[in-house]
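Undergrad: The structure under discussion is supplied below as structure tokens; questions concerning it will follow.
No value in this document is a laboratory result; all are computed from the given coordinates. These figures come from a predicted structure and were not determined experimentally. Cβ sites come from the backbone with ideal geometry, for glycine too, and all protein chains shown count toward neighbours.
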Amino acid sequence: MISPLIKLITVDGFFSPEEATRLCTIAKSLSFKELEFGYEIENFNMIPENADELFSSVFNAKMVVDEERSGIFRVPKHFIHFEGFDSPNEWIFVCALEKSFLTIYEHIESGTQHALQDYRFNFRDMLQWDYQAQHQLSPGQGVLLRPWLFHSMDCGLVQIFRLRETE
């Protein structure tokens, strides 16, 4: 089991740069619809056949892929947010298909670091937020993060997977 103290893990080479570019080219040839967190291909996701085993081996923990909310291609909107969650065992894996930046924030006035502490903030007012960390991701690199972290993505196309740790 991944320690509850760990909030974010970076992954090199989830896809090769060539495979990320190929996926990006194919996905961008389809039409996208504006949704809550960005532009997505409506009613379409792509999940590897052995996804549970693949993610379990990458993170050395038993992972189950939420097939309804995984394999989604998204061009994220650039704003601070957290993503909904049902369990403290949930993770989001974001794989960059184009150069991307993930930024983690803390609420300045309250010192709140994540939505488990509080979530009633103005997420659109950047002056209320303090930059904590930024991760640059090249095509094929990914990041595993807790959905309740306050974050933003400034990037092109990414692929999103929702995972649940089972042990």
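Undergrad: What does the helix-only formula give at 222 nm for the chain: each DSSP H stretch with n ≥ 4 adding -39500 (n - 2.57), the total divided by the residues, and the result rounded to the nearest 500 deg cm²/dmol? Could you put the intermediate results ahead of the total?
TA: Values: 2 runs with 21 residues, N = 167.
Taken over the chain, the calculation gives -4000 deg cm²/dmol.
Undergrad: Which ³J(HN,Hα) values, rounded to whole Hz and listed in residue order, are derived for segment 25-41 from phi using the Karplus coefficients 6.51, -1.76 and 1.60 in 6.51 cos²θ - 1.76 cosθ + 1.60 with θ = phi - 60°, glycine and proline given as x?
TA: Each residue of segment 25-41 in turn: 4, 5, 4, 5, 7, 9, 8, 10, 10, 6, 10, 4, 9, x, 9, 10, 7 Hz.
Undergrad: Using the Cα centre of segment 8-165 as the reference point, and only Cβ charges (+1 on K/R, -1 on D/E), how large is the resulting charge dipole? Debye, rounded to the nearest 20. Working shown, then result.
TA: Values: 13 positive and 24 negative charges, 50 e Å.
Computed about the Cα centre, the dipole is about 240 debye.
Undergrad: When His107, His78 are ordered from fewest to most other Cβ atoms inside 10 Å of their Cβ, what list results?
TA: Starting with the residue having the fewest Cβ neighbours, the order is His78, His107.
Undergrad: Just name one of Ser70, Ala115, Gly13: the one whose Cα is farthest towards the positive end of the charge dipole of segment 1-122 (beta-carbon charges, Lys/Arg +1, Asp/Glu -1).
TA: The listed residue farthest towards the positive side: Gly13.
Undergrad: If I model a spin label at Glu19 and Leu127 as a point 7 Å from the Cα along the Cα→Cβ vector, what separation in nanometres do I get?
TA: 4.7
Undergrad: Scan segment 61-92 for chymotrypsin sites (Phe, Trp or Tyr not before Pro) in coil per DSSP, keeping those whose Cβ has at most 16 other Cβ atoms within 10 Å, and list them by number.
TA: Listed in order of number, the matching sites are Phe79.
Undergrad: Further, regarding this structure: Enumerate by residue number the trypsin sites (Lys or Arg not before Pro) in segment 66-157 meeting two conditions: DSSP loop (anything except H, G, I, E, B), and at most 13 other Cβ atoms within 10 Å of the site's Cβ.
TA: Hits after loop and neighbour filter: Lys99, Arg120, Arg124.
Undergrad: Based on other C-beta atoms within 10 Å, arrange Arg146, Arg164 from fewest to most.
TA: Arg164, Arg146
Undergrad: So what are the ³J(HN,Hα) numbers for segment 111-116, from phi and the Karplus equation (6.51, -1.76, 1.60; θ = phi - 60°), rounded to whole Hz, Gly and Pro as x?
TA: x, 5, 9, 7, 5, 5
Undergrad: Å³ per residue of the Cα convex hull, for segment 55-143?
TA: 127
Undergrad: Can you bin every Cα-Cα distance in the chain into 10 Å intervals starting at zero and give me the percent of pairs per bin, rounded to whole numbers?
TA: Calculated P(r), rounded to whole percents: 10, 40, 38, 12, 1.
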